[in-house]
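Peer 1: Mind having a look at this structure? Questions to follow.
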Amino acid sequence: MKTFSKSTKLDNVLYDVRGPVVAEADRMIADGDHVLKLNIGNPAPFGFNAPEEVIHDMARNLRESQGYSDSKGIWSARKAVMQYAQIRKIPNVSIDDIYTGNGVSELINLCMSALLDDGDEILIPAPDYPLWTACATLAGGKPVHYLCDEQADWNPDLADIEKKITERTKAIVIINPNNPTGAVYDRDVLERIVEIARVHQLIIFADEIYDRLLMDGYKHTSIASLAPDLFCVTFSGLSKSHMIAGFRVGWMIISGNKKIGEDYIEGIKMLSSMRLCSNVPAQSVVQTALWGNQSVETYVCPDGRVTKQRDYCIERLNAMPGVSVVKPKAAFYCFPKLDVEKFNIKNDMQFAYDLLKQEHVLVVQGTGFNWPEQDHFRIVYLPMLTTLQEALDKLEHFLTYYHQ
Ligand code: PLP
């Protein structure tokens, strides 16, 4: 019999995220069950709205947004991102170094496809945003996971990075602020990563989609600003900062020493033009969004909704016997640790599945983020406080009797 699937190598990397737990939740919802979903970083369904100005400008620009644009994106969007790069001190960026995409996701895929030959290695954090691992694998590369250290506020473990570099390592991925931990990396850690990349001639890919969602007065440093002599690609977009994940708009900025990557840039240009262009109506609001009033600030200020929801979750989780969690500094995720001995947990997907079936609360297990142990899970604290309260009550109750 003919088979039509190209390869099964993605099974390992995607299975955990979209796998049986989510499928079961979908089934339960279709059967009319009420499931409390703490599993997805999509702000709009939880009552977060895009700034009015963004909606207004998108509507106003629709008529002029009907055709394909330049494959890298419209001039006003790229100019706005270029100015953004200047403010963030990302060096040596011209308008030609900016590419818009249908979300950061498309650009991650494009960059991995252009870079990796079979067997080429790329360093990716554990835990990670798993699309990075999936795209590197799909491109034929070998994702090599370096550990982030929970004891050090989830900063990357530099010794582990160094240990995992080989002749085949081409690049390192930094996700800062981080999904799923909510970490914001210390500046000196970033400087030391740059030093490692310098010594081993690695490309730096910096996924900074949460760079405008910091709490508690923390400041974000773009790693590219510390690496003028290296080849860096920095990713960001409007999905999270402007609550318009469905509009699909993101960008990447190539910076630093572009001479090193001349051939690579040709590959990126080719793949970029093969997809013709990214969503033009969404590009048309980049300038408005980046340079207008940043309404997201009202969510992440000390009194803001996201901050309050984070504080509530962290307090509740840390009060549960057998659970501990590092307080996130940014984004809207936390990555609690479970006492596996207390709960006899051998399989974290089973844990998520049992929590779903017994308490109707949906979370994602840590291995879904390529975390190597069975002892973590991720909570998205975007839902309303009342929903979080109900979900955490149920989790607390579940942990009083759960023994795997
Ligand atoms: N990068 C990280 C770290 C994310 O958490 C996400 C979405 O959750 C993305 C990229 C994808 O963003 P986009 O909507 O721009 O494709």
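Peer 1: For the stretch 84-122, what are the residues that are within 16 Å of the ligand (Cβ to nearest atom) and hydrophobic (A, V, I, L, M, F, W, C)?
Peer 2: Within the stretch 84-122, Ile98, Val104, Leu107, Ile108, Leu110, Cys111, Met112, Ile122 qualify.
Peer 1: Moving on. Could you grab the pairs with beta carbons closer than 7 Å, sequence gap of 6+ or different chains, first residue in the stretch 381-404 and acidic (Asp, Glu), second one outside any helix (DSSP H, G or I)?
Peer 2: Glu390/Leu36; Glu396/Met320
Peer 1: Could I ask something else about it? Looking at the stretch 34-57, which of the residues that are within 18 Å of Gly246 (Cα to Cα) and away from the ligand (no atom under 16 Å from the Cβ) is surrounded by the fewest Cβ atoms within 10 Å (Cβ to Cβ)?
Peer 2: Applying the filter and picking the extreme gives Glu52.
Peer 1: Take Tyr333 and decide whether it is aromatic (Phe, Trp, Tyr), at pLDDT 95 or above and open to solvent by 50 Å² or more (accessible area, probe 1.4 Å).
Peer 2: no
Peer 1: Exactly one of these conditions fails for Asp303: (1) open to solvent by 60 Å² or more (accessible area, probe 1.4 Å); (2) in the same structural domain as Lys72 (by TED's automatic domain parsing); (3) more than 16 Å from the ligand (Cβ to nearest atom). Give me its number.
Peer 2: Answer for Asp303: the failing condition is (2).
Peer 1: Give me the residue from the stretch 156-178 that is within 16 Å of Tyr333 (Cβ to Cβ) and in contact with a helix residue (DSSP H, G or I) (Cβ under 8 Å, 6 or more places away or on another chain) and, out of that set, surrounded by the most Cβ atoms within 10 Å (Cβ to Cβ).
Peer 2: Filtering the stretch 156-178 for residues that are within 16 Å of Tyr333 (Cβ to Cβ) and in contact with a helix residue (DSSP H, G or I) (Cβ under 8 Å, 6 or more places away or on another chain), the one surrounded by the most Cβ atoms within 10 Å (Cβ to Cβ) comes out as Ile175.
Peer 1: For the stretch 174-209, what are the residues that are within 12 Å of the ligand (Cβ to nearest atom), of a type in the set (Val, Ile, Thr) and in a loop (DSSP other than H, G, I, E, B)?
Peer 2: Within the stretch 174-209, Thr181, Ile209 qualify.
Peer 1: Of (1) within 12 Å of the ligand (Cβ to nearest atom); (2) under 22 Å from Pro372 (Cβ atoms); (3) without any contact (Cβ under 8 Å) to a residue 40 or more places away in the chain, Ile161 satisfies all except one. Which?
Peer 2: Just one mismatch for Ile161, condition (1).
Peer 1: Is it fair to say Leu131 is buried (at least 21 other Cβ atoms within 10 Å of the Cβ) and within 24 Å of Asp157 (Cβ to Cβ)?
Peer 2: no
Peer 1: Hey, another quick one. Looking at the structure I just gave you, is Gly322 away from the ligand (no atom under 16 Å from the Cβ) and at pLDDT below 95?
Peer 2: No; evaluated as a whole, the condition is false for this residue.
The values are calculated or read from the model by the stated rules, or taken from the named source; none is laboratory data. Keep in mind that this is a model prediction, so the values were computed, not measured. Cβ coordinates were reconstructed from backbone atoms using ideal geometry, including for glycine residues, and neighbour counts include every protein chain displayed. These area figures cover heavy atoms from the full protein model, side chains too; ligands, DNA and RNA do not enter into them. Shrake-Rupley method; radii C 1.70, N 1.55, O 1.52, S 1.80 Å.
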